[in-house]
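What follows is a set of notes on a single structure, which appears directly below.
What follows is calculated from the coordinates using simple rules that are stated; it is not laboratory data. Just so we're clear, the structure is a prediction, and the values are computed from it rather than from any experiment. All Cβ positions, even for glycine, are placed from backbone atoms using ideal geometry, and neighbour counts span all protein chains on display.
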Amino acid sequence: MARRAGGGGRTPAAWAVAAALLLAAAAAGPAAAEAISGPRLDYVLHCMGCHLEDGGGAPESVPTLEGFGRFLQIPDGRAYLVRVPGSAHAPLDDAALAALLNWMLVRFDPTRARAPEFRPYEAAEVTRYRAVPLADADAERRRLLRVLDGDPSGDR
Ligand code: HEC
């Protein structure tokens, strides 16, 4: 009898949260079940372990996602949100990752995501950025923050 290893890197804790959400949604009816599929479920399964339900992250190790849309103000920053390991290495195709990032922006940086200049990620754009691995995410993050702060030494 053939058996397949399942899980795809998902942790038991993430599955437990997902199962609980699915059960709660099933009890609440089909509309709610729909609301927790797609990007929201992807976030629970693949990102929430580090970034937490409210995007708060962890002091000193995982930055808060609150206001993370500020990186969209510069082209390298727009690429960074896709190229950061958590995004780039997620077991999601480019369309699903684009949808997930757009959902996260609305959820954790609603002011910027609802501004008229906001341009959602598209799958083809994600494909392009993902093809260029980020050697040192932390260094790139610090460089981008310096550029955003208007420090020309960051603008190399
Ligand atoms: C193992 C822990 C971990 C997981 C899982 C994870 N991330 Fe992250 N994430 C980080 C850390 C740490 C950073 C800070 C940059 C770095 O050092 O990689 C980060 C940064 C980010 C950023 C940039 C925010 C900023 O302020 O720098 C985005 C966007 C992001 N992650 C998206 C995701 C997505 C999408 C997923 C799920 C598909 C995910 N991450 C899963 C740890 C994680």
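Observations on the structure shown:
- Inter-residue pairs, beta-carbon under 8 Å, first touching a residue at least 40 places away in the same chain (Cβ under 8 Å) and in region 135-148, second among the polar types (S, T, N, Q), 6+ apart: L148/Q73
- Sole residue being near the ligand (Cβ under 8 Å from one of its atoms), in contact with a helix residue (DSSP H, G or I) (Cβ under 9 Å, 6 or more places away or on another chain) and in a loop (DSSP other than H, G, I, E, B), chosen from L97, L81, L92, L101: L92
- Filter pass, A58 being over 12 Å from the mean Cα position of the chain (by Cα), more than 6 Å from the ligand (Cβ to nearest atom), more than 13 Å from L148 (Cβ to Cβ) and in contact (Cβ under 8 Å) with a residue 24 or more places away in the chain: no
- Tallying residues that are more than 11 Å from the ligand (Cβ to nearest atom) and part of a helix (DSSP H, G or I) within region 61-78 yields 3.
- Any hit, region 129-136, residues being hydrophobic (A, V, I, L, M, F, W, C) and either within 18 Å of R40 (Cα to Cα) or within 9 Å of the ligand (Cβ to nearest atom) (or both): yes
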